[in-house]
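The values are calculated or read from the model by the stated rules, or taken from the named source; none is laboratory data. This structure is a prediction, so every number in the text was calculated from the model and none was measured. Ideal geometry is used to build each Cβ from the backbone, glycine not excepted, and the neighbour counts take in all protein chains shown.
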Amino acid sequence: MHTRGCCAVALALVVAWTSPAIGQQAPAAAGRIKIASGATSIVRQGVALPAKPGELVFEADSLRTGGDGRLGVTLKDDSRISLGPNSEVRLDRFLFAPATDGVGFGLTILRGLLAYISGRIAKLSPDAVRLETPSAILGVRGTHLVIRVDTP
Amino acid sequence: MNGRRRVAWLLVVPALAVSCGGRRPVAVPAQPSGSLVVLLPDPDDGSVGRVSASNAAGAVELSAARDATRVATGQTPPAPAPLDAAEVTRIFGDALAGLPRAPRHFSLFFQFDSDELTDESRRLLPEIRTVIGEYVVPDVVVVGHTDTMGTNAGNYQLGLRRATIIRDLLVSGGLDASLVEVASHGEADPVVRTPDETREARNRRVEIEVK
């Protein structure tokens, strides 16, 4: 009886502890890689994965290209980004649930070249879009811009 | 460069600097760190938006085609000036070439209280299939809608039936089912606002997003 009670408590603890983790393991994708050529990777939780067309992109992922790399991503809200060679960006925030939780888009360009076309998040709430570089914060009222970050 | 190797470099570089008696181990380019920002016309409709560039020292606004500013760390962003089109291509050509195809949207309409397409909408299906085929890896979202005749619950189900039928038609045409999302908004998201219990052909539809 006593043992069984302990087991039940232990099981409850395990369930309580793992449930949020299971929720975190399957978040909604932010978008999908549509174009990739040359050396490209998605860095997720510190691990570099090959960035092939068809791969999903999630909030908090970084995208990187090498000297011959090129990468294009379409996000769930129809916004599009692309990286030229020797580039790195991080998707700090992506939320597109207009009817429930709201919208948000945060992208940091760490180095290299980025092209951006805004999507429905910028239309619904321009203030919810924030692009950042090491030297500037960009507010976007639509629609198309390009950025080069020079790092010494 | 992976994260671990970068951490290793962070450790090695100061160590080299010390071991070389303060000599710099790597050349530092003359150009200080900064960001060149250029506003471009929308590639799909040609419209020109607006972008603000700011830092702790100030802010500027780009509002004309090819307006550019180069913001250096900690310095007031300079007033925007147009960048030559050829320069835009020279600097950003590689990045621009990687932009994915623009998303497309379609509406298909249905007969009253039915999951039968109108004849006109049925004739659109081949074109929609062709467009989807132009995307290397398409994402397709299919959302069913109804007019306000009938109950909310019944209309949710009708919207879902409409969307599922369209999904099945696209999948039978060769589209990978794992790339299609199906949803119903029932009568909650009309194109044309009407009172409850109103027949409205324009609200009896499935909307397809392809991206």
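What to note about this one:
- Meets criteria (over 14 Å from the mean Cα position of the chain (by Cα), hydrophobic (A, V, I, L, M, F, W, C) and outside any loop (DSSP other than H, G, I, E, B)) for residue A:99: no
- Selection of region B:94-126 for residues being part of a loop (DSSP other than H, G, I, E, B) and either more than 14 Å from chain A (Cβ to nearest Cβ) or more than 28 Å from the chain's Cα centre (by Cα) (or both) yields B:111, B:112, B:113, B:114, B:115, B:116, B:118, B:123, B:124.
Residues checked against (1) within 11 Å of chain B (Cβ to nearest Cβ); (2) of a type in the set (Ser, Thr, Tyr); (3) out of contact with any Pro (no Cβ under 6 Å at 6 or more places or on another chain):
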{"site": "A:62", "(1), (2), (3)": "yes, yes, yes"}
{"site": "A:74", "(1), (2), (3)": "yes, yes, no"}
{"site": "A:92", "(1), (2), (3)": "no, no, yes"}
{"site": "A:97", "(1), (2), (3)": "no, no, yes"}
{"site": "A:147", "(1), (2), (3)": "yes, no, yes"}
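- Residues of region B:36-73 that are of a type in the set (D, E, K, R), more than 8 Å from every other protein chain (Cβ to nearest Cβ) and free of Cβ contacts under 8 Å to residues at least 12 places away in the same chain: B:45 alone.
- Of the listed requirements (1) part of a strand (DSSP E or B); (2) buried (at least 18 other Cβ atoms within 10 Å of the Cβ); (3) out of contact with any Phe, Trp or Tyr (no Cβ under 6 Å at 6 or more places or on another chain); (4) of a type outside the set (S, T, N, Q), residue A:93 misses just one: (2).
- Selection status of residue B:150, within 11 Å of another protein chain (Cβ to nearest Cβ), over 30 Å from residue A:37 (Cβ atoms) and part of a loop (DSSP other than H, G, I, E, B): no
- Residues within region A:1-44 that are under 15 Å from the mean Cα position of the chain (by Cα) and either at pLDDT below 95 or under 23 Å from residue B:209 (Cβ atoms) (or both), tallied: 11
- Hey, residue B:140 under 30 Å from residue A:145 (Cα atoms), assigned by TED's automatic domain parsing to the domain that holds residue B:36 and buried (at least 16 other Cβ atoms within 10 Å of the Cβ) or not: no
- Checking the stated criteria, residue B:178 turns out to be outside any loop (DSSP other than H, G, I, E, B), outside the structural domain of residue B:46 (by TED's automatic domain parsing), over 30 Å from residue B:38 (Cβ atoms) and among the small types (Gly, Ala, Ser).
- Residue B:162 farther than 26 Å from residue A:77 by Cβ, more than 23 Å from the chain's Cα centre (by Cα) and among the charged types (D, E, K, R): no
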